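Okay, so here's the structure we're looking at.
The values are calculated or read from the model by the stated rules, or taken from the named source; none is laboratory data. These numbers come from a predicted model, not from an experiment. Glycine gets a Cβ as well: all are built from the backbone with ideal geometry, and neighbour counts include every protein chain shown. Remember, those area values only see protein heavy atoms, side chains included, never the ligands or the DNA or RNA. Shrake-Rupley method; radii C 1.70, N 1.55, O 1.52, S 1.80 Å.
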Amino acid sequence: MKIKIYAKDLQNMLKKAKGLQLNKLTPYLEFQRGLLIENNRLIMNNLKTQLESKFHVDVLEPGKTLIPEQTLKMLENFKKGELTITDNEIIHGTRKLKFIPGDVEEFSVINNEISEELFTITEKELSHLLEVNYATVSDELRPVLRGIEMKHNRFVALNSYYLSMRQANFYCDKQIVLSEEVWKLLLKTLDKKSDAQVKVFWDGSNLVKFEFEDFIVKGELYEGRFLDVTKVIYDNPETEFIINANKLLDTLKLMDKLTEGRQLVTLKITDKLILETKTSLNEMTDEINITEKYGEDVNIAFNIKYLIAVVNQYKNENVKVQLKGPNAPMILKSNNKLDLVLPVKLRE
């Protein structure tokens, strides 16, 4: 085989392939950390997720080769001009780098047909939707909670403490849960500021495909279902107000420096927000102005770290807060964003 490609295209692929976390593959799968070249396709795969090239590759002689990981580390230094790659040699200007190719037949690839188109979305919108990833959890007993659900016009992630939902201009009539391996690679592949289109496909079973301009991401889905988030979103909150998220976050982070395990923060909502936290050695309070408040006054408490994680999603925003009593979740909202955090029951 023999191909010609631009060095910058290969560098871009190697950079995005870091989302595959190939270093986590066991030593006896070292060959799987390489780069497979198959005619005009460049493929990297971690057994569950695959990154595949779509950029132009000039095929001079068809064929296959597998460039090992150690050689790829050298290729990170070839950043300009064109590369000519054969079965066992890479030529970059006057430089020639020979390598011992890996076993092409042993290298795992996803060649399944994934052709049912679900929807099209921009990279910028996809980035917005994937913001929910902070609400996933590494849970070996419940792997579905490591995933992100795509359904209707929203992406959802949840754990036992908070929930995150993002909406965008798309519609998916299936209930599909992206695996952790897939959404991590997507985050590495997309351009947050790009309006370029991404097409999303499904195989009708357990595989998904995201087709970018220059790359294709394929991967496995999780089995299982999420709760219906519409059942925990209030149509008629008892209390609602607007607060500057940065001011709230500053106070919460300062209180968190008191550093005590399972530290709680109490929120007393009247015509302003009064925060209080206590540890075995310290007690701290603060007051923050709120606007457009209506409904009942309420006292509610949270694990301070979980509340920080949720409020942190609304930096530089004025966020709407909704409550339905001291024992129900607190909901935060802004444009196409919704996050929910569970309270800690207060003693009488």
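For (1) in contact with a strand residue (DSSP E or B) (Cβ under 7 Å, 6 or more places away or on another chain); (2) among the acidic types (Asp, Glu); (3) modelled with pLDDT of 95 or more; (4) under 30 Å from Phe210 (Cβ atoms), each residue gets a yes or a no:
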site	(1), (2), (3), (4)
Leu221	yes, no, yes, yes
Arg225	yes, no, no, yes
Val229	yes, no, no, yes
Ile233	yes, no, no, yes
Leu249	no, no, yes, no
Leu281	no, no, no, no
Ala301	yes, no, yes, no
Ile308	no, no, yes, no
Ser334	yes, no, no, yes
Report, by residue number, each residue of segment 271-283 that is open to solvent by less than 50 Å² (accessible area, probe 1.4 Å) and farther than 21 Å from Gly325 by Cβ. Thr277, Thr279
Can you name every one of the strands (runs of 3 or more DSSP E) wholly within segment 12-67 that holds 2 or more residues which are polar (S, T, N, Q) and at negative phi? 49-53
State the number of residues belonging to segment 68-80 that are in a loop (DSSP other than H, G, I, E, B) and in contact with a strand residue (DSSP E or B) (Cβ under 8 Å, 6 or more places away or on another chain). 1
Can you tell me which residue among Gly63, Gly93, Gly81 is over 29 Å from Gly147 (Cα atoms) and open to solvent by less than 40 Å² (accessible area, probe 1.4 Å)? Gly63
Go through segment 326-348 residue by residue and tally those that are in contact with a Pro (Cβ under 9 Å, 6 or more places away or on another chain) and either open to solvent by less than 10 Å² (accessible area, probe 1.4 Å) or under 20 Å from Leu227 (Cβ atoms) (or both). 9
Yes or no: segment 151-171 includes at least one residue that is among the aliphatic types (A, V, I, L, M), out of contact with any Leu (no Cβ under 8 Å at 6 or more places or on another chain) and on the phi < 0 side of the Ramachandran plot. no
Go through segment 89-121 and give me each residue that's farther than 18 Å from Glu30 by Cα, polar (S, T, N, Q) and assigned to a loop (DSSP other than H, G, I, E, B). Thr94, Asn111, Asn112, Ser115
Give the residue that is surrounded by the fewest Cβ atoms within 10 Å (Cβ to Cβ), with candidates limited to residues of segment 197-223 that are within 18 Å of Leu14 (Cβ to Cβ) and either of a type in the set (Val, Ile, Thr) or without any contact (Cβ under 8 Å) to a residue 24 or more places away in the chain (or both). Ile216
Looking only at segment 224-241, and only at residues there that are assigned to a helix (DSSP H, G or I) and in contact (Cβ under 8 Å) with a residue 60 or more places away in the chain, the one that is least open to solvent (accessible area, probe 1.4 Å): Val229
Among what's in segment 196-250 and is within 30 Å of Ile331 (Cα to Cα) and of a type in the set (Ser, Thr, Tyr), pick the residue that is nearest to the chain's Cα centre (by Cα). Tyr222
Report yes if Glu116 is within 30 Å of Glu76 (Cβ to Cβ) and in contact (Cβ under 8 Å) with a residue 12 or more places away in the chain, otherwise no. no
Would a scan of segment 146-166 turn up a residue that is among the charged types (D, E, K, R), modelled with pLDDT of 95 or more, surrounded by fewer than 16 Cβ atoms within 10 Å (Cβ to Cβ) and in a strand (DSSP E or B)? no
Matching option when the condition is more than 30 Å from Asn111 (Cα to Cα), open to solvent by 20 Å² or more (accessible area, probe 1.4 Å) and not in a strand (DSSP E or B), among Leu254, Leu249, Leu187: Leu254
As an exercise: evaluate Ser194 against (1) among the hydroxyl-bearing types (Ser, Thr, Tyr); (2) open to solvent by 10 Å² or more (accessible area, probe 1.4 Å); (3) outside any loop (DSSP other than H, G, I, E, B) and give the number of the one condition it does not meet. (3)
Identify all residues within segment 327-348 that are assigned to a loop (DSSP other than H, G, I, E, B) and out of contact with any Leu (no Cβ under 6 Å at 6 or more places or on another chain); write none if there are none. Asn327, Ala328, Asn335, Asn336, Leu342, Pro343, Lys345, Leu346, Arg347, Glu348
Given the conditions (1) modelled with pLDDT under 95; (2) within 30 Å of Lys199 (Cα to Cα); (3) among the aliphatic types (A, V, I, L, M), which single one is not true for Leu51? (1)
